[in-house]
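See below for the structure under consideration.
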Amino acid sequence: MSKVQVETRINGEGVEFLCEPQQTLLEVLRETLSRTGTKEGCATGDCGACSVLLDGRLVCSCLVLGVEAEGKEVTTIEGIAGNDGLHPIQQKFLERAALQCGICTPGLIVATKALLDKHKNPDEETIRYWLAGNLCRCTGYDKIIRAVQDAAEELAYEA
Amino acid sequence: MGAFAYVAPTTVAEALGVLEEHASQGKRAQILAGGTDLLVQLQSVDRTPRTIVDIKKLEEANRVEVGADETFVGAAVASAVLNENEELKQRFPGLIEAADLIGSTQIQGRATIAGNLCNASPAGDTIPALIAIGAVCVIASESGNRELAVEDFVTGVGTNALQDGEFLVGLKIPNPPARTADAYLRFIPRTEMDIAVAGAGVALTLDDAGTCTAARVSIGAVAPTALLVTAAADALVGTSVDDDALAAAAAACSAAASPITDKRGTVEYRRKVVGVLCKRAAAIARDRAQA
Ligand SMILES: Cc1cc2nc3c(=O)[nH]c(=O)nc-3n(C[C@H](O)[C@H](O)[C@H](O)COP(=O)(O)OP(=O)(O)OC[C@H]3O[C@@H](n4cnc5c(N)ncnc54)[C@H](O)[C@@H]3O)c2cc1C
Ligand code: FES
Ligand code: FES
């Protein structure tokens with residue numbers, strides 16, 4: 001099986017890797033590049049645990065081929081925190097106890113980042129629809145919604 | 001057995017060349033648009049090696065043009081991108097409504113209308129919406145482009161009219177006349193992330209007095225393919241799209257449906273629901289056309 005060489009940028013850093021044409025970006029991130037922050041829940045696009053930004057757009061990395069990352073900018077959960085600590089979204093998830101087992105959390109934080117990049121002041125309905133592709137089996141969602149609302153408020157305050 | 005390969009051609013001619021070469025050698029090539037159906041299938045039901053031909057680098061397939069005579073939507077344009085196009089939303093609110101129902105935010109970041117159509121699921125949400133607005137498939141082949149109405153494109157469950165060596169470049173939609181509007185509704189047991197139990201797309205035109213002068217009605221998930229229901233359109237034309245006309249159109253949709261019973265609904269239920277959806281979608285289209 002012939003591997004393909006791919007040049008991409010992940011969290012602002014140039015990265016090269018080899019992958020098979022049918023391998024998903026999720027597999028490449030976790031297995032080839034050992035960036036295990038991005039999680040696999042279903043591998044069929046249903047759960048959102050594998051959410052990443054591809055050129056700024058929210059996608060499931062389990063439904064993107066590794067080779068499709070060529071020439072693109074990928075943002076994963078590892079790229080959300082700043083140099084001086086957690087991103088406000090991460091901080092609010094902690095403060096609101098918006099996680100239990102944590103498997104869904106990286107995907108939710110990346111999805112929330114995409115939401116707040118686009119909608120500065122989303123209402124609850126907008127938040128719930130935006131995050132409908134991120135499943136959580138533990139929290140019952142309410143604490144997640146509160147954390148997102150707090151983060152939106154904080155980011156609006158900072159801006 | 002062969003191996004997987006990936007190519008991302010930058011011109012339509014190059015893409016056709018790859019398809020043609022594979023067809024002539026009896027090797028399998030498959031178009032990749034958003035991958036939201038293809039990758040799921042690749043990971044479960046169909047793992048056989050093939051050449052994946054990514055159309056996202058084709059300029060033509062990325063084009064969206066809301067033109068003076070017609071609208072063109074390239075086959076590689078993700079539904080999230082369509083949803084951000086205000087002109088398109090204004091012109092075809094029903095189509096955008098349907099595209100906006102596909103999966104989650106993540107799925108919409110990738111999923112295309114053309115992929116929804118080519119995948120040819122009986123429950124594909126954009127298919128009735130496309131049929132209602134009279135969309136036409138622009139198909140590229142070595143002998144030039146050919147065009148085919150969307151209602152003639154899907155030939156069965158999971159099958160379409162593309163021949164070996166052909167692919168869909170995009171969809172062409174005639175401009176709606178004045179006081180024309182479309183709408184699409186589906187029914188799912190949840191509020192998000194589910195497959196349609198039934199769906200209905202309606203486009204209609206009113207004259208200055210509010211009388212319907214033209215209509216197209218299409219229903220989905222109640223037959224092997226989405227259906228164009230001319231009897232339902234006939235029930236609307238010549239009326240003010242009042243309750244009697246809506247009831248007649250609904251009855252025509254229920255009669256045209258040939259659904260199956262599965263975990264999402266029974267034959268009787270689907271027949272009834274598709275009529276209700278037609279009625280409601282037609283009322284929305286009427287109100288939009290009047291506005
Ligand atoms: C979690 C989830 C939820 C979903 N929810 C919905 C839903 O609510 N409603 C719904 O209708 N669908 C839904 N889908 C299915 C899917 O997202 C849609 O059908 C989508 O529109 C497919 O488009 P794509 O660009 O991703 O297609 P791809 O996966 O890229 O392609 C689909 C098929 O069409 C072929 N193809 C694609 N483009 C072309 C072309 N230009 N020429 C020739 N062949 C082509 C491919 O070879 C493949 O066989 C869902 C999928 C997932 C994973
Ligand atoms: S692992 Fe990608 S959506 Fe579940
Ligand atoms: S915290 Fe366990 S799945 Fe969300």
Restricting the search to the stretch B:148-196, which residues are within 28 Å of residue B:262 (Cβ to Cβ), among the charged types (D, E, K, R), at pLDDT 95 or above and within 13 Å of ligand 1 (Cβ to nearest atom)?
B:186
Condition first: of a type in the set (D, E, K, R) and within 11 Å of another protein chain (Cβ to nearest Cβ). Now tell me which residues in the stretch B:47-60 satisfy that.
B:47, B:50, B:54, B:56, B:57
Here the residues within the stretch A:48-79 that are more than 16 Å from ligand 3 (Cβ to nearest atom), out of contact with any Lys or Arg (no Cβ under 6 Å at 6 or more places or on another chain) and aliphatic (A, V, I, L, M) are A:52, A:53, A:58, A:63, A:64, A:65, A:67, A:69, A:74
One residue is enough: does the stretch B:114-137 have a residue meeting the conditions within 14 Å of chain A (Cβ to nearest Cβ), among the hydroxyl-bearing types (Ser, Thr, Tyr) and in a loop (DSSP other than H, G, I, E, B)?
no
Looking only at the stretch B:84-111, which residues are within 13 Å of ligand 1 (Cβ to nearest atom) and either surrounded by fewer than 17 Cβ atoms within 10 Å (Cβ to Cβ) or away from chain A (no Cβ under 14 Å) (or both)?
B:95, B:98, B:99
For the stretch A:13-24, give me each residue that is more than 10 Å from chain B (Cβ to nearest Cβ) and not β-branched (Val, Ile, Thr).
A:13, A:14, A:16, A:17, A:18
Residues located in the stretch B:172-185, provided they are within 19 Å of residue B:286 (Cβ to Cβ) and part of a strand (DSSP E or B)
B:180, B:181, B:182, B:183, B:184, B:185
If a residue must be more than 14 Å from chain B (Cβ to nearest Cβ) and acidic (Asp, Glu), how many such residues does the stretch A:89-131 contain?
2
Could you identify the single residue in B:245, B:203, B:221 that is touching a helix residue (DSSP H, G or I) at 6+ places or on another chain (Cβ under 7 Å) and closer than 21 Å to residue B:130 by Cβ?
B:203
From the list A:56, A:66, A:82, pick out the single residue that is at pLDDT 95 or above, surrounded by fewer than 19 Cβ atoms within 10 Å (Cβ to Cβ) and more than 8 Å from chain B (Cβ to nearest Cβ).
A:56
Looking at B:256, B:247, B:200, B:233, can you tell me which residue is touching a residue at least 12 places away in the same chain (Cβ under 8 Å) and surrounded by fewer than 17 Cβ atoms within 10 Å (Cβ to Cβ)?
B:247
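The values are calculated or read from the model by the stated rules, or taken from the named source; none is laboratory data. All figures in this text were calculated on a predicted structure; none of them were measured in a lab. Ideal geometry is used to build each Cβ from the backbone, glycine not excepted, and the neighbour counts take in all protein chains shown.
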